[in-house]
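Following: one structure in structure tokens, then a few remarks.
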Amino acid sequence: MTRRRRVYEGKAKVLFEGPEPGTLVQYFKDDATAFNGEKKSTVTGKGVLNNRISEHLMSRLSEIGIHNHFIRRLNMREQLIREVEIIPVEVIVRNVAAGSLCSRLGITEGTALPRTIIEYCFKSDELNDPLVSEEHVTAFGWATPQELDDIMNQSLRVNDFLTGLFTGIGIKLIDFKLEFGRVYDGDEVQVILADEISPDNCRLWDLATNEKLDKDRFRRDLGGVEDAYQEVARRLGILPEGGPGDLQGSTAIQ
Ligand code: UDP
């Protein structure tokens, strides 16, 4: 097997050169990190589940006209994606107070927000992804005002759609993080959704019990991380072919 060129390695994923120009292969690792990499571990099967869950959600979003980088799943741990020029801004969408919003503003976790709140963070591991305003995003040229407007509209549509989708399977969408990137087609530039949508970057609570079905189980040492991700996949109707026993996948990265 020929060795593929590694384009980028992040905390939970690796990007390899794709088979055609303008494509990449996104490989999902089992590595879990929190607090900007200070806490590290592996969660067996997480990569396989996130690959499936993100495939499913990105495909559903495509169907309602939210363009995104997902092309097709290649195997248990890999998906083919469009190469984008990533915009260095994390878009956080919040419906219910949790995580850093609570510590920053002294709000009790679980408080429903008066309306959906969008926040932006500058993508920088060295700076710990600081919260920034729209002014920073446009003044520093990370995105144009038009792009930011587009990003905000797309994020709200994603939120509306995913809130409904998760409610239908007994899950509350508390908050999540999105990333966007530019694709160039001749003179045209388009901003499309990129990265992944999975329990690694969403807060998902059981509708009836408020049980956490996301990465907070890892961040807060609650245990049952894999079971929680598996439960999300099960409710979405997308557990891997072999069922829960088939979550290992290949861990080898070529
Ligand atoms: N999030 C993420 N990556 C980050 C920061 C946040 O995926 O680098 C997600 C996180 O999983 C949650 C939402 O964005 O669903 C809001 O996170 P928050 O700002 O509360 O930060 P945290 O408490 O996770 O540090």
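Each reported figure results from applying straightforward, stated rules to the coordinates on display, with no laboratory input. Quick caveat, the model's predicted, so the values are computed rather than measured. A quick note on method: Cβ atoms are made from the backbone with ideal geometry, for glycine too, and the neighbour counts reach across all protein chains shown.
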The Cα radius of gyration of the chain, divided by 2.2 N^0.38 Å with N its residue count, comes to 0.98
Toy charge model, Lys and Arg Cβ at +1, Asp and Glu Cβ at -1: the range 38-92 dipole around Cα centroid in debye, rounded to 20, equals 320
Cβ-Cβ cut-off under 11 Å around ALA97, Lys and Arg +1, Asp and Glu -1: the net charge is +1
Taking r as the C-beta separation of THR116 and HIS136 and R0 as 22 Å, the FRET efficiency to the nearest 0.05 is 0.60
Taking a label point 7 Å from the Cα of THR23 along Cα-to-Cβ, the residues of the range 56-91 whose backbone nitrogen sits under 17 Å from it are 59, 68-84
For the pair ARG4 and SER59, the simple spin-label estimate (label points 7 Å beyond Cα toward Cβ) gives in nm 1.9
In terms of the charge dipole of the range 155-207, which places +1 on Lys and Arg and -1 on Asp and Glu at the beta carbon, the residue among GLY170, CYS202, GLY181 farthest towards the positive end is GLY170
Between ASP185 and LEU207, Cβ-based FRET efficiency (R0 35 Å, step 0.05) works out to 0.30
Among trypsin sites (Lys or Arg not before Pro) in the range 1-98, those in a DSSP loop whose Cβ has at most 12 other Cβ atoms within 10 Å are ARG3, ARG5
The pairs in LYS123/LYS212; LYS46/LYS177; LYS29/LYS172; LYS13/LYS215 lying past 23 Å Cα-Cα in this model are LYS123/LYS212; LYS29/LYS172
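Between ILE238 and ASP150, what length comes free when the chain is fully extended (0.36 nm per residue of separation minus the Cα-Cα distance, one decimal in nm)?
Between ILE238 and ASP150, full extension yields an extra 28.6 nm.
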Per the helix-only model, the chain has a calculated mean residue ellipticity at 222 nm (DSSP H runs of ≥4, -39500 (n - 2.57) each, divided over all residues, rounded to the nearest 500) of -8500 deg cm²/dmol
Once the dipole of the chain is set up from charges on Cβ (+1 Lys and Arg, -1 Asp and Glu), the residue from the list PRO88, LEU113, LEU239 lying farthest towards its positive end is LEU239
